[in-house]
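This report refers to the structure that appears directly beneath it.
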Amino acid sequence: MQNEPLAFRMRPRNIKEVIGQQHIIGEQTTLYKMIHNGHVPSILLYGEPGIGKTSIAYAIAGSSNLPFFALNATHAGKKDVEQIVTEARISGKVLLFLDEIHRFNKLQQDTLLPHVENGSIVLIGATTENPFHDVNPAIRSRCGEILQLKRHAQEDIVQLITVALHDEERGLGKYNIKISADQIENIALASNGDARKALTLLESIYYASDEVDGETVVEDSTIEHLSKRIGVYGDKGGSHFYNLLSALQKSVRGSDANAALYYLAHLLENGDLIAVCRRLLVMAYEDIGLANPSVGAHVYAACESAKTLGLPEARIPLATAVIEMCLSPKSNSAYSALDAAISAIHDGKTGDIPPHLKDAHYAGAKTLGHVGYKYPHDYPIGTFGGWVDQQYLPDSVNLEFYKPVIAGEEKRMAAIYDKLKTFKK
């Protein structure tokens, strides 16, 4: 058993041994009470790697009397599913843990689903991807709950490490290890809420430490060296990556430069430079907009520079762009106005284009009544330029879509917009 990784050996054997995720399987939760009373429901577990999906599944299995099977959907075939279905017929009911469930194909689902529906197979599915996006609705509908796991709190990881250090049967308790409370805290901090990383790091630290007078002494330098990049979770193109993009945009929108830089750093460590640049360009026009129109050009230049430079130098222009957007005045008025116009069209608020605005660059246009257009440049008004009062919207569309935000450069534009209203008859 000691040949197996520490993280594998330290998996909870029953639901009482689960550390963390108390909102899902704490003693006061409905799931805990159901399992404690002998009923295991079909569920979906959703969350990042290393935060307890597999551990919870095995803990549930250890707390039930059901025959237990585990499959990974990335390589399980129809025959694997058929074998479990056969066992379910023999035993009456089995518990199946299906990891990476979002990768299950239709043929596998068709084989499995009727038996999940009639209760002969209790399904615990686990996925790192958003189940509402990536798990087939047929599977979702047969699971009683979709439970989202959270990254472990610092104190949970400390407890997990402490248990592993003292467990003589499965952990490192039979070894004489000199490690301080501060060092345990540092390991927990480096793991960034990932239990598997914490135990893997602890095991690596143990084997990288020197023995002095019969005692394995853990040095701070060993922890520091082995902790590098351990907090980076890369699922380029997956749910976590899009959550990071969302957090970056919302931090910029909220003018929090420190948070925005944190999420930018995480995204760049994952390596998808193109996706990051695309999101930054969207943000320049969606969130900064008319309040500081020059930001669009600045961000575009920064993104093009980043793509030319490549990583790691790409981080330099992108950091400049992100901080500029964070500290810039914000406005979403332009695209909100366009969305309002699109919504009006979808609602049927349409009408014929006024005749004087229709194309008149052909013989016969006057015959069709395409006349009467006044050329604004022929009507100069002070320093503003050409303007003349004439109708532009259709008769049946008397709507105002643009609502300026009084911020930054748009404040000046809003004054012009309001002034133009006073010119109209």
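The values are calculated or read from the model by the stated rules, or taken from the named source; none is laboratory data. This is a predicted model, so every value here is computed, not measured. Glycine also receives a Cβ, built like all others from the backbone with ideal geometry; neighbour counts cover every protein chain displayed.
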- Query: Only one of (1) under 26 Å from residue 252 (Cα atoms); (2) part of a helix (DSSP H, G or I) is not met by residue 422, so which one is it?
  - Reply: (1)
- Result of the Cβ filter at 9 Å on the range 342-360, keeping first residues that are assigned to a helix (DSSP H, G or I) and partners that are of a type in the set (Gly, Ala, Ser), at least 6 apart or interchain, is 355/369; 355/372; 356/369; 356/372
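Could you count how many residues in the range 145-174 are touching a Ser or Thr at 6+ places or on another chain (Cβ under 6 Å) and surrounded by fewer than 16 Cβ atoms within 10 Å (Cβ to Cβ)?
Pass one, the range 145-174, residues touching a Ser or Thr at 6+ places or on another chain (Cβ under 6 Å): 157.
Next, from what is left, pick out any that are surrounded by fewer than 16 Cβ atoms within 10 Å (Cβ to Cβ): none.
Result for the range 145-174: 0.
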- Which number in (1) surrounded by 18 or more Cβ atoms within 10 Å (Cβ to Cβ); (2) in a helix (DSSP H, G or I); (3) touching a Leu at 6+ places or on another chain (Cβ under 7 Å); (4) not aliphatic (A, V, I, L, M) marks the one condition that residue 307 misses? (1)
- Task: Pick out, from the range 1-110, the helices (runs of 4 or more DSSP H) lying fully within it that include 2 or more residues that are small (Gly, Ala, Ser) and more than 28 Å from the chain's Cα centre (by Cα).
- Result: 53-62, 78-91
- Message: Return the residues of the range 372-417 that are among the aromatic types (Phe, Trp, Tyr), touching a helix residue (DSSP H, G or I) at 6+ places or on another chain (Cβ under 7 Å) and surrounded by 13 or more Cβ atoms within 10 Å (Cβ to Cβ); say none if nothing qualifies.
- Response: 373, 387, 401, 402
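Before we move on, is residue 290 more than 19 Å from residue 243 (Cβ to Cβ), outside any helix (DSSP H, G or I) and either in contact (Cβ under 8 Å) with a residue 60 or more places away in the chain or of a type in the set (A, V, I, L, M, F, W, C) (or both)? Walk me through it before giving the result.
Working: more than 19 Å from residue 243 (Cβ to Cβ): yes; outside any helix (DSSP H, G or I): no; either in contact (Cβ under 8 Å) with a residue 60 or more places away in the chain or of a type in the set (A, V, I, L, M, F, W, C) (or both): yes.
It is false that residue 290 is more than 19 Å from residue 243 (Cβ to Cβ), outside any helix (DSSP H, G or I) and either in contact (Cβ under 8 Å) with a residue 60 or more places away in the chain or of a type in the set (A, V, I, L, M, F, W, C) (or both).
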- Task: Kindly check whether there is at least one residue in the range 332-340 that is within 42 Å of the chain's Cα centre (by Cα), over 21 Å from residue 394 (Cα atoms) and assigned to a loop (DSSP other than H, G, I, E, B).
- Result: yes
- Message: Please verify whether residue 136 is modelled with pLDDT under 95 and outside the structural domain of residue 206 (by TED's automatic domain parsing), treating the condition exactly as stated.
- Response: yes
